[in-house]
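Below is one structure, written out as structure tokens; the observations come after it.
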Amino acid sequence: MRILSINDLTCSIEGKTILSNLNLNINSGEIHAVMGPNGVGKSTLSKVIMGDNHYQIKNGTIIYKGEDITNIETYKRSRMGIFLAMQNPIAIPGISNQDFLKTALSAKLQKPVGLYDFMLKCETAISDLKMDKNLIHRGLNDGFSGGERKKNEVLQLKILEPSLIILDELDSGLDVDSLKIVSENISDYINKNKDTAVLIITHYPKILQYLPPDFVHILYNGKIAYTSTKELALEIEKNGYKNIINKSNDIDGND
């Protein structure tokens with residue numbers, strides 16, 4: 001099943017074009033990684049898929065499970081099953097982690113959530129993530145370390161059970177042990193939910209050792225310039241992006 005189809009997407013922010021005629025297709029059960037040098041629009045891609053209204057879509061469509069969501073509000077995309085684990089999760093003092101999660105789950109299901117079943121699910125997920133069980137009662141990300149915030153994003157994922165998971169530099173700010181824990185939890189979720197698709201936005205290939213992608217895409221000049229298998233990430237780690245970008249330019253020149 002086709003989970004996500006991005007067709008000729010061009011978008012800008014404050015008059016500056018960031019993505020230009022970008023195309024990307026992701027099927028259920030697939031893991032895709034988008035890599036590229038700093039400033040090429042990787043995080044922009046994740047935000048536009050999620051519906052960030054700071055960006056203006058000039059052309060193209062975003063299709064999720066056969067439905068055009070190009071102009072649909074962010075909260076509706078979330079209810080439909082799209083989840084973005086943010087690069088820099090924000091803190092919201094005064095709103096407990098527990099209340100936030102329960103409200104979000106009720107909104108997605110569009111019905112009240114039973115407290116007992118909800119807390120049992122939270123406790124299991126918290127244990128799996130090796131989180132401090134008291135964090136669920138604190139303000140959302142309030143006073144959390146960088147690693148705790150990233151684990152909290154994965155906790156939300158496990159509770160909300162999305163069909164499309166977008167990980168925007170989940171590995172940033174995580175030590176090796178924490179990266180392994182969150183990756184194992186995501187992998188376990190994928191194995192239990194075979195129709196799930198994952199889009200990983202990353203600079204570095206370390207996370208891809210724990211979540212091996214089916215496809216690795218290089219984003220450059222606002223579009224997917226080159227696509228290959230997971231071995232491409234190892235080549236980038238060894239030699240950087242220059243050779244890959246040159247190769248993509250040669251391919252474009254021959255078309």
Q. Using θ = phi - 60° and the Karplus curve 6.51 cos²θ - 1.76 cosθ + 1.60, what whole-Hz ³J(HN,Hα) does each residue of the range 70-75 get, with Gly and Pro shown as x?
A. 3, 10, 8, 5, 4, 5
**Q.** the chain, accessible area per residue, ligands and nucleic acids excluded (1.4 Å, Å²)
**A.** 48 Å²
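So for each of 227-236, 202-211 I average, over its residues, the number of other beta carbons within 10 Å; can you give me the resulting order with the highest mean first?
Working: 227-236: 15.8, 202-211: 18.4.
Taking the mean over residues of other Cβ atoms within 10 Å, the ranking is 202-211, 227-236.
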Q | Per-residue HN-Hα couplings for the range 198-214 [Karplus 6.51, -1.76, 1.60; θ = phi - 60°; Hz; x = Gly/Pro] | A | 10, 10, 9, 9, 7, 8, 10, x, 4, 4, 6, 6, 8, 10, x, x, 7
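What FRET efficiency comes out for Leu120 versus Glu161 if R0 is 22 angstrom and r is the Cβ-Cβ distance? Round to the nearest 0.05. Working shown, then result.
Details: r = 15 Å, r/R0 = 0.68.
It comes to 0.90.
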(Q) Mean-square fluctuation check for the chain, GNM, Cα pairs under 10 Å: which of Asn21, Asn185, Asn152 is largest? (A) Asn21
Q: For every helix of n ≥ 4 consecutive DSSP H residues, a contribution of -39,500 (n - 2.57) applies; sum these over the chain, divide by its total residues, and give [θ] at 222 nm rounded to the nearest 500 deg cm²/dmol.
A: -12000 deg cm²/dmol
**Q.** Under the Karplus curve 6.51 cos²θ - 1.76 cosθ + 1.60, θ = phi - 60°, whole-Hz ³J(HN,Hα) for the range 44-52, x wherever Gly or Pro sits
**A.** 4, 4, 5, 5, 5, 4, 7, x, 4
Q) Once both axes come from the Cα atoms, what is the angle between helix 242-254 and the longest principal axis of the chain, in degrees from 0 to 90, rounded to 10? A) 50 degrees
Q) Which percent of the accessible heavy-atom area of the range 108-213 goes to carbon and sulfur, probe 1.4 angstrom? A) 48 percent
Q. If R0 is 51 Å, what FRET efficiency do you get for Lys58 and Ile95 from their C-beta distance, rounded to 0.05?
A. 0.90
(Q) Take the residue pairs Lys206/Lys230; Lys42/Lys76; Lys133/Lys158 and return only those whose Cα atoms are more than 20 Å apart. (A) Lys42/Lys76
Q: For Glu30, enumerate residues with amide H under 5 Å from its amide H, sequence gap 5+ or separate chain, H modeled in the peptide plane.
A: Val198
Q: Could I have the simple spin-label model distance between Lys76 and Asp188, label points 7 Å from Cα toward Cβ, reported in nm to one decimal?
A: 3.6 nm
Q: Would you mind telling me which residue in Asn23, Asn53, Asn141 has the biggest mean-square fluctuation in a Gaussian network model of the chain, where springs connect alpha carbons within a distance under 10 angstrom?
A: Asn53
**Q.** Long pairs among Lys111/Lys180; Lys47/Lys242; Lys16/Lys192; Lys130/Lys194, criterion Cα-Cα beyond 32 Å
**A.** Lys111/Lys180; Lys16/Lys192
Q.
Shape verdict for the range 11-96, please, from the Cα gyration tensor: rounded (a/c under 1.5), prolate (a/b greater than b/c) or oblate.
A. rounded
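If you keep only loop residues by DSSP, which trypsin sites (Lys or Arg not before Pro) in the range 80-184 have at most 14 other Cβ atoms within 10 Å of their Cβ?
Values: sites: Lys102, Lys108, Lys121, Lys130, Lys133, Arg138, Arg149, Lys150, Lys151, Lys158, Lys180; in loops: Lys130, Arg138.
In loop regions of the range 80-184 (DSSP not H, G, I, E or B), the sparsely surrounded trypsin sites (Lys or Arg not before Pro) are Lys130.
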Q. So how far apart, in nm, are the two label points at Ser106 and Glu237 if each is 7 Å from Cα heading toward Cβ?
A. 4.5 nm
Q.
Can you order the peptides 24-30, 218-224 by their average number of other Cβ atoms within 10 Å per residue, highest first?
A. 218-224, 24-30
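The values are calculated or read from the model by the stated rules, or taken from the named source; none is laboratory data. Since the model is a prediction, treat every value here as computed from it, not as a measurement. Using ideal geometry, Cβ is built from the backbone for each residue, glycine included, and neighbour counts are taken over all protein chains shown. The protein model used for the area step is the full one, side chains on, heavy atoms only, and it has no ligands, DNA or RNA in it. Shrake-Rupley method; radii C 1.70, N 1.55, O 1.52, S 1.80 Å.
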